[in-house]
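Trainee: Okay, handing you the structure first.
All of the numbers you see were taken from the coordinates with simple rules; none came from a lab. These numbers were taken from a predicted model, which means no experiment stands behind them. When we count neighbours, we look across all protein chains shown, and the Cβ atoms used for this are built from the backbone with ideal geometry, even at glycine.
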Amino acid sequence: MPLTPETLPRHELIGLPVRVAAASNPDLVGIAGEVVMETTRTLSIEGSVSGTERVLQVPKADATFEFDIPGGDTRVVTVEGERLCSRPARRTERTGDSKWR
């Protein structure tokens with residue numbers, strides 16, 4: 001399945017450029033970088049914060065993310081974090097009773 005705006009929530013997110021567009025914690029808004037790890041409830045984003053490279057954990061359920069989809073022309077896809085709240089392996093599977101079909 002190719003990576004498109006419609007299929008992004010079903011894909012592996014590690015390695016994708018991301019920005020926190022909105023969050024219940026205003027300190028998280030604007031964090032940008034690359035997804036380096038994903039758990040059921042968080043995305044770990046490596047980026048520059050105050051001139052220092054850091055990895056920050058952002059709760060999925062409380063944020064809205066903007067992902068850059070690479071390709072011929074980069075597209076920005078906005079995803080509500082609630083749509084990503086599940087185990088990464090479960091979210092990306094293609095068969096069975098997954099709600100991500």
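Trainee: Karplus couplings for region 80-90 from phi (6.51 cos²θ - 1.76 cosθ + 1.60, θ = phi - 60°), rounded to Hz, Gly and Pro as x?
Mentor: Calculated HN-Hα couplings, in order: 5, x, 4, 5, 9, 6, 5, 4, x, 5, 6 Hz.
Trainee: Pick the calculated semi-axes √(5λ) of the Cα gyration tensor in Å for this structure from (1) 30, 14, 10; (2) 17, 17, 13; (3) 22, 16, 12?
Mentor: It is the one labelled (3).
Trainee: For the chain, what's the relative contact order in percent, using C-alpha pairs closer than 8 Å and at least 6 residues apart?
Mentor: Numbers: 199 pairs, mean separation 25.7, N = 101.
Across the chain, relative contact order equals 25 percent.
Trainee: How large is ³J(HN,Hα), in whole Hz, for each residue of region 45-62 in order, when computed from phi with the Karplus curve 6.51 cos²θ - 1.76 cosθ + 1.60 and θ = phi - 60°, using x for Gly and Pro?
Mentor: Result, rounded to whole Hz: 10, 9, x, 8, 10, 6, x, 10, 6, 9, 10, 10, 8, 10, x, 5, 5, 9.
Trainee: Still on this model: For the chain, set up a GNM with springs between Cα atoms under 10 Å and report which of P59, P26, P70 has the largest fluctuation.
Mentor: Maximum among the listed residues: P26.
Trainee: Right, something else. Which value, in debye to the nearest 20, describes the size of the charge dipole of the chain about its Cα centre when Lys and Arg Cβ atoms bear +1, Asp and Glu Cβ atoms bear -1, and nothing else is charged?
Mentor: Its charge dipole is roughly 420 debye.
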